[in-house]
1. Restricting to the stretch 77-97, count the residues that are surrounded by fewer than 17 Cβ atoms within 10 Å (Cβ to Cβ) and within 14 Å of residue 36 (Cα to Cα).
2. Would you check if residue 74 is buried (at least 17 other Cβ atoms within 10 Å of the Cβ), assigned to a loop (DSSP other than H, G, I, E, B) and free of Cβ contacts under 8 Å to residues at least 60 places away in the same chain?
3. So residue 88 clears everything in (1) free of Cβ contacts under 8 Å to residues at least 24 places away in the same chain; (2) at positive phi; (3) touching a strand residue (DSSP E or B) at 6+ places or on another chain (Cβ under 8 Å) except one condition, right? Which one?
4. Scan the stretch 18-34 residue by residue and report those that are surrounded by 18 or more Cβ atoms within 10 Å (Cβ to Cβ) and touching a helix residue (DSSP H, G or I) at 6+ places or on another chain (Cβ under 6 Å).
5. Hey, can you tell me all the residues within the stretch 19-60 that are over 14 Å from the mean Cα position of the chain (by Cα) and under 19 Å from residue 93 (Cα atoms)?
6. How many residues does the stretch 41-50 hold that are at pLDDT below 95 and under 19 Å from residue 104 (Cβ atoms)?
7. Please determine, by comparing only the residues of the stretch 35-68 that are without any contact (Cβ under 8 Å) to a residue 40 or more places away in the chain, assigned to a strand (DSSP E or B) and touching a helix residue (DSSP H, G or I) at 6+ places or on another chain (Cβ under 8 Å), which one is surrounded by the most Cβ atoms within 10 Å (Cβ to Cβ).
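The values are calculated or read from the model by the stated rules, or taken from the named source; none is laboratory data. For clarity, every value in this text was computed on a predicted model and none was experimentally measured. Using ideal geometry, Cβ is built from the backbone for each residue, glycine included, and neighbour counts are taken over all protein chains shown.
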């Protein structure tokens, strides 16, 4: 999910998480007070759940390479475009969240999406 600008008018449900410079420096940032991560991936910003859906490992301890987030507990990895896990692992996909940028601030949408939206 590539980040896009956010306007004040549609900010309901969006939370600020960190600034762009910090994310570029750290590559993986834990979202304070939430079990979420923000990831710098090949020039794109991705927000996802922090716990691996397979074994609940802390994905903040994982590595990002070639568009994939690698779980620190096992050999599986997640595609950062759609959340799909390496083939052969019995797990649901990694949940991804919409991301936007306003100025240098990164925002994540926390509201559940309605069907057809």
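1. Qualifying residue count for the region: 1.
2. no
3. Just one mismatch for residue 88, condition (3).
4. 28, 29
5. Those that are over 14 Å from the mean Cα position of the chain (by Cα) and under 19 Å from residue 93 (Cα atoms): 54, 55, 56, 57.
6. Within the stretch 41-50, residues that are at pLDDT below 95 and under 19 Å from residue 104 (Cβ atoms) number 3.
7. The extreme case among them is 37.
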